[in-house]
Each structure stands twice: as structure tokens, then as C-alpha cells.
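What follows is a short report on a single structure.
The values are calculated or read from the model by the stated rules, or taken from the named source; none is laboratory data. Everything numeric in this text was worked out from a predicted model, so none of it was measured. Virtual Cβ from ideal backbone geometry, glycine too; neighbours counted across all protein chains shown.
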Amino acid sequence: MPSIRLLIPCLIVVLAGCAGTPPRDVDNICNIFRENPRWHDHAVASAERWGTPVPIQMAIVHQESAFQRRARPDRRRILGFIPGRRPSSAFGYAQAQDPAWQDYVQATGNRGARRTNMGDALDFIGWYNHVSHRRLGLSRNDARNLYLAYHEGHTGYQQGNWQGNSQLQSIAARVDQRAARYQQQYQTCRDEFRCWRWYQVWPFCR
């Protein structure tokens, strides 16, 4: 009995570590969801609530954090070796900055939201893109421009700050390409995740 009591905390630590580990194959959305089926539920819920397709949400997460739950921007280096401040407050799966995250919490009332929670991160991405669609007139299927607005902020996008930034435009093009590739993959495996829980019965599940 004592050995079992000692084993349980160890098991909890191991499982917690696994929960924060990025998927093994981040280039295939089907394998991402096979490894993390709850992420599919979260992405579908966000898509239904805000309108951003599942592949675009996941392409943005890939670009922003590479699916690392506690991702942060690297610290600036002073004199080349002294760790300085981080360039922004971006944090978590969606790399949401403090002001945007606070706006999201206030707008949705989701006061328990955490940037290290994939469900909350995907809901944030959906909400932000919904605002981009409403405020900037961007299509919900336009991964490239949705990402530019996501990266630059709505005011920055309107001001065209990104137009002279060839590196950012290249990144936005990669997000668009990845979203298209994820979409092709998703079409082949989507039905796998409709009724993955033992208590779900078709057709009463997503």
C-alpha cells in the first residue's frame, strides 16, 4: 500500500509532463489530433462559435508556438550575452499578449481562461479572427490576412505596417500554405474524431 501511495504522485507528474509536450508530428493535422483528440473538440467548438476553420486555427498555433504550451519570445541580449527583457508579453499556445488577452477575457467573460490551455488558446484565436472579420472585413477563410492582422494588431493592419515587411509577409504566406495543407489532410481524417469518446454515439456527436 505505501508503494502505491508513492506511485500515484509520480504518475501525476508524468502525465502532467506529457500534457505539455508538443505533438510528435506537427506537420500533419490528423496525427496532431490523433495524439490530442481533445484539441479537435476545442478547435471545432471555436470554429462553431467564431467561424475560423479548424485548419487555420491550428496553422496559427503552429506558427506562434509550435504547440509549446509555455512558449515565450526569447529574451533580448545585452552586450551579446546578458539576458535582458523579453520583446513582448506574448505567452502560451497562441502567443497572446497581455492587452489582447485582457480584451478577450472582458469580451467573452471567460475569466478563468489560461493561455497555457489549448481550449482557451483556440477560443482566443477564433475570437480575435472574428473581430478581424467584423472590423477589417477579412474573410474567415483568408489565412494569410487573418495572420497579418493577428500579428500586427487591428490598428497596425489598418495602417499597413506589414506592407514593407517582407519577412512578415513570407511568414504569413507560410501560414496560408500550412492551413491549406492541413485542410487537405483534415478532409481525410475528420470523421475519426466525431465520436472518439466511449460514451458518444453517432449521430449525436460532432
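Taking the stretch 87-96 as the range and being surrounded by 21 or more Cβ atoms within 10 Å (Cβ to Cβ) and at pLDDT below 95 as the test, only Phe91 passes.
Yes/no per residue for (1) closer than 22 Å to Ile29 by Cα; (2) within 16 Å of the chain's Cα centre (by Cα):
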| site | (1), (2) |
| --- | --- |
| Tyr104 | no, yes |
| Val131 | no, no |
| Arg144 | yes, yes |
| Cys189 | yes, no |
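When Leu138 is tested against the conditions (1) of a type outside the set (D, E, K, R); (2) surrounded by fewer than 14 Cβ atoms within 10 Å (Cβ to Cβ); (3) modelled with pLDDT of 95 or more, the lone failure is (2). Of everything listed in (1) more than 24 Å from Thr21 (Cα to Cα); (2) touching a Cys at 6+ places or on another chain (Cβ under 8 Å); (3) at pLDDT 95 or above, the single unmet condition for Cys189 is (1).
Within the stretch 94-145, the only residue that satisfies the criterion of being closer than 13 Å to Val61 by Cβ, touching a Leu at 6+ places or on another chain (Cβ under 8 Å) and in a helix (DSSP H, G or I) is Asn129.
Taken as a whole, the stretch 97-104 holds no residue that is surrounded by fewer than 22 Cβ atoms within 10 Å (Cβ to Cβ), under 30 Å from Gln184 (Cα atoms) and either at pLDDT 90 or above or among the hydroxyl-bearing types (Ser, Thr, Tyr) (or both). Pairs are defined by a Cβ separation below 6 Å, a sequence spacing of at least 6 or placement on different chains, a first member in the stretch 169-189 that is more than 17 Å from Phe33 (Cβ to Cβ), and a second member that is surrounded by 15 or more Cβ atoms within 10 Å (Cβ to Cβ) and of a type in the set (Ser, Thr, Tyr); the pairs so defined are Ala172/Tyr147; Val175/Tyr147. Of all residues in the stretch 86-127, those satisfying the criterion of being β-branched (Val, Ile, Thr) and either under 16 Å from Ala45 (Cβ atoms) or in contact with a helix residue (DSSP H, G or I) (Cβ under 8 Å, 6 or more places away or on another chain) (or both) are Thr108, Ile125.
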